[in-house]
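*Asks:* The structure follows.
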Amino acid sequence: MRLRLLLAALIALSFAREARADIGGAMSAYANGDYALAVEKLAPLTQQANREALRLMGEMHENGRGVPQNDTLAWSYYQKAALGGDVESQYRLGQMHEGGRGVPQSYAEASKWYQRASLTGHAGAKAKLGKLTLAGRGGKVSFSKGLSLIQEAALSGEPEAEALLEDLERRGFAKASQSIDQAPPDAESADVLAKAQQMIRAMSAPFPLGPKLNLGNPAFISRNAQGGWTVTLPKPAIPQSEGASWRGASIRLAVTRADDELYRIRITLPAVWRFVSALGHEGGRMEIGQQSVNGIWSAKLGQWTHSDTVLSAIAIASPEGKGSIDSLATYSNLTPALEGKGHDQVQTLQIRKIAFGDAKTTGFSVQAVEASSRIASLDLETFRILSGQGGDTSLDNLAPLAASVDNRFTLSGVKLNGLDGEDILSINAFEVTMGALGMDMDTSTLKAGITASGIAAKQPTGVSPLPLPLGTLPEKLAVRLSWERLPLRDLTNQLATLWLNQAGAKRQASTQAGLADTLMDSLATAMDVLVDAGTEIRIEDISASAPDWGIDAKGSFQPEKAKAQPFSGKITITSRGLDNLIKSLDDGTSLAAVMLDGLRRTSPPKKDSAGNDVFEVTFSADGAIDINGQRWSQPEAPAKQGNKPIPLTKKK
């Protein structure tokens, strides 16, 4: 008898281990997007009433992943898992009954399943049940019970509960929540708490929380069951202009020590952010449907060495209109530079399906946004100072920020719509690039470019004609510029010192006159720095084209100091189909058509080998402008500089 029991136990154990391995393989396939393999591995497990397999199969049917979308089948799988004791399935059954998905809507059934899940501590179920109880849906109205459930869920960091509680507090139905009564944290926890606040202030994605992040209540920390810590930053506010701010319920960090230097972090942002004016009026709201924010923090460097963020189902509302973003994802990685000089950083951003509009205004949509940044030999101390994270704010001995940068930003599927939904403007692809080399040297090379293609536009209905006929917009546009021998390091220090000196002298730069003075001083300073370095500005290419016309320009310029004209140089413009362009512009009132026609008549174009019109334009420092040998502007006496630049810093 004992032998048979032992054999039965061993057989059962072997089946359990096999099932555990299979569910692990199914979950791995699901996470990797291989839904067909996940279904294949889940099918036999659902026959064995495996709760995890039943729940995952329900999720796949609910979202149409690997199988046809079917709420009824999803409900069936969830029910089998829930009856077997799966808490998450109990919660999801409550959601389906509340929303009437797969089954008739029933607040009573929703409350029943939320109640079951909440008994085991499911924070989401507590929030849902609390909300139903406050409204008397599925049972009697009980404000005290509903509020208690929402408060319990909020203290667990449940985003929806935090948003509900904040709304109740704002409307005066609940007292402003305070942190949990705790004994002072031990020394290790206090150190983690200080690091956590530094982590948040160093965040730049998914949106900059930044060094100016304010908290409505003091941050607090508690140890969790996983051997790590939970840090709560209550009532965060991100300052905006004119005293306004974005405000949320709380930011929570789950912190786990990876080793003596590194910490693994999981961040939960508020599910709802409110845009509040200086007078306390709500002017907008942003809701985050799902989120995953993770990272690795280096205590030694005081920076994120890795972070990845995914936000989805983002809804935005403001007095100007409503908008949505399907998904937003960011990635950042910081590694020691190969040559041991600073750190190399890679950052990416991907946004899918942006839409915004209002019945009273035009709307716009963007199918995709992508951005990337690569920085070589980044100096972290300089980065901290320039980004406002702290450190020595003196610029005298500031090390170069980096050796090189390479940035790229692209938009695709851009559309601007009119009141009746018609497309006013559409752009298939738009890209901006910027790169710099030798940023740690006395002079650098900077390159920048803009390209756009698939440009189409039409005159909107019910709107007065625009000054420039929309039909004259090019289908393609490209701009490529470069700066050689650019004293980027000295220029940055000069301008930063100028603005700091202006602030120290308490000049009213916010007034129109004060701002104009500061800008003129900045321009004079920049021109002096560029002239002394012998900087050359090159127009590698400026081009615009349509089916029946095209323009291309190339040239170079040099800054000039104390001259009638702040630059000198030459630009060559090549035109194809100039007659067609003038005809498309000429609606009887077009100044552009008159100017182009006058240019062609007074300075007859040359011809290149392809028969295209060529205009050579020369700019002299004395103010003279020549076009194809014809003088268009006479020299002038050098203008006196009313704003003197600050002295150049001495080279060390």
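The values are calculated or read from the model by the stated rules, or taken from the named source; none is laboratory data. Small disclaimer: the values here were computed from a predicted structure and weren't measured. Quick reminder, even Gly has a Cβ in these numbers, built from the backbone with ideal geometry, and neighbours come from all protein chains shown. Side chains are part of the model used for accessible areas, which takes the heavy atoms of the whole protein and leaves out ligands, DNA and RNA. Shrake-Rupley method; radii C 1.70, N 1.55, O 1.52, S 1.80 Å.
*Asks:* Of the residues in region 250-277, how many are small (Gly, Ala, Ser) and open to solvent by 20 Å² or more (accessible area, probe 1.4 Å)? Full working, then the answer.
*Replies:* Filtering region 250-277 down to residues small (Gly, Ala, Ser) leaves 250, 254, 258, 271, 277.
Still in the running and open to solvent by 20 Å² or more (accessible area, probe 1.4 Å): 254, 258, 277.
The qualifying residues number 3.
*Asks:* Would you pick out the residues in region 291-339 that are within 30 Å of Asn417 (Cβ to Cβ) and of a type in the set (Gly, Ala, Ser)?
*Replies:* Correct list: Ser312, Ala313, Ala315, Ala317, Ser318, Gly321, Gly323, Ser324, Ser327, Ala329.
*Asks:* OK, next. Which condition number does Thr572 fail, the rest of (1) touching a residue at least 40 places away in the same chain (Cβ under 8 Å); (2) open to solvent by 60 Å² or more (accessible area, probe 1.4 Å); (3) more than 36 Å from the chain's Cα centre (by Cα) being met?
*Replies:* Of (1) touching a residue at least 40 places away in the same chain (Cβ under 8 Å); (2) open to solvent by 60 Å² or more (accessible area, probe 1.4 Å); (3) more than 36 Å from the chain's Cα centre (by Cα), only one is false for Thr572: (2).
*Asks:* Taking region 558-567, which residues are in a strand (DSSP E or B) and surrounded by fewer than 18 Cβ atoms within 10 Å (Cβ to Cβ)? Break it down into steps so the answer makes sense when it comes.
*Replies:* Step one: of region 558-567, the residues in a strand (DSSP E or B) are 558-559, 567.
Passing the criteria: Gln558, Phe567.
*Asks:* Taking Arg65, is it within 26 Å of Leu132 (Cβ to Cβ), of a type in the set (Lys, Arg) and touching a residue at least 24 places away in the same chain (Cβ under 8 Å)? Break it down into steps so the answer makes sense when it comes.
*Replies:* Numbers: within 26 Å of Leu132 (Cβ to Cβ): no; of a type in the set (Lys, Arg): yes; touching a residue at least 24 places away in the same chain (Cβ under 8 Å): yes.
When the stated conditions are applied, Arg65 does not pass them.
*Asks:* So which of Ala610, Ala624, Ala544 ends up being of a type in the set (A, V, I, L, M) and under 42 Å from the mean Cα position of the chain (by Cα)? Even if it seems obvious, please write down each step before you answer.
*Replies:* Details: Ala610 fails: under 42 Å from the mean Cα position of the chain (by Cα); Ala624 fails: under 42 Å from the mean Cα position of the chain (by Cα).
Testing whether each residue is of a type in the set (A, V, I, L, M) and under 42 Å from the mean Cα position of the chain (by Cα) leaves just Ala544.
*Asks:* Looking at Thr492, Thr525, Thr518, Thr472 in this structure, which one is modelled with pLDDT of 65 or more, of a type in the set (Ser, Thr, Tyr) and open to solvent by 50 Å² or more (accessible area, probe 1.4 Å)?
*Replies:* So the residue among Thr492, Thr525, Thr518, Thr472 that is modelled with pLDDT of 65 or more, of a type in the set (Ser, Thr, Tyr) and open to solvent by 50 Å² or more (accessible area, probe 1.4 Å) is Thr492.
*Asks:* Evaluate the following for Glu160: is it of a type in the set (Asp, Glu) and either touching a strand residue (DSSP E or B) at 6+ places or on another chain (Cβ under 8 Å) or free of Cβ contacts under 8 Å to residues at least 40 places away in the same chain (or both)?
*Replies:* On the way: of a type in the set (Asp, Glu): yes; either touching a strand residue (DSSP E or B) at 6+ places or on another chain (Cβ under 8 Å) or free of Cβ contacts under 8 Å to residues at least 40 places away in the same chain (or both): no.
No; evaluated as a whole, the condition is false for this residue.
*Asks:* From Ala8, Ala26, which residue is open to solvent by less than 40 Å² (accessible area, probe 1.4 Å) and modelled with pLDDT under 90? It would help to see each step written out before you state the result.
*Replies:* On the way: Ala8 fails: open to solvent by less than 40 Å² (accessible area, probe 1.4 Å).
Of the residues listed, the single one that is open to solvent by less than 40 Å² (accessible area, probe 1.4 Å) and modelled with pLDDT under 90 is Ala26.
*Asks:* Related question: Can you pull out every residue in region 159-201 that is in a helix (DSSP H, G or I), open to solvent by less than 60 Å² (accessible area, probe 1.4 Å) and at pLDDT below 75?
*Replies:* Once the filter is applied, which keeps residues that are in a helix (DSSP H, G or I), open to solvent by less than 60 Å² (accessible area, probe 1.4 Å) and at pLDDT below 75, region 159-201 yields only Pro159.
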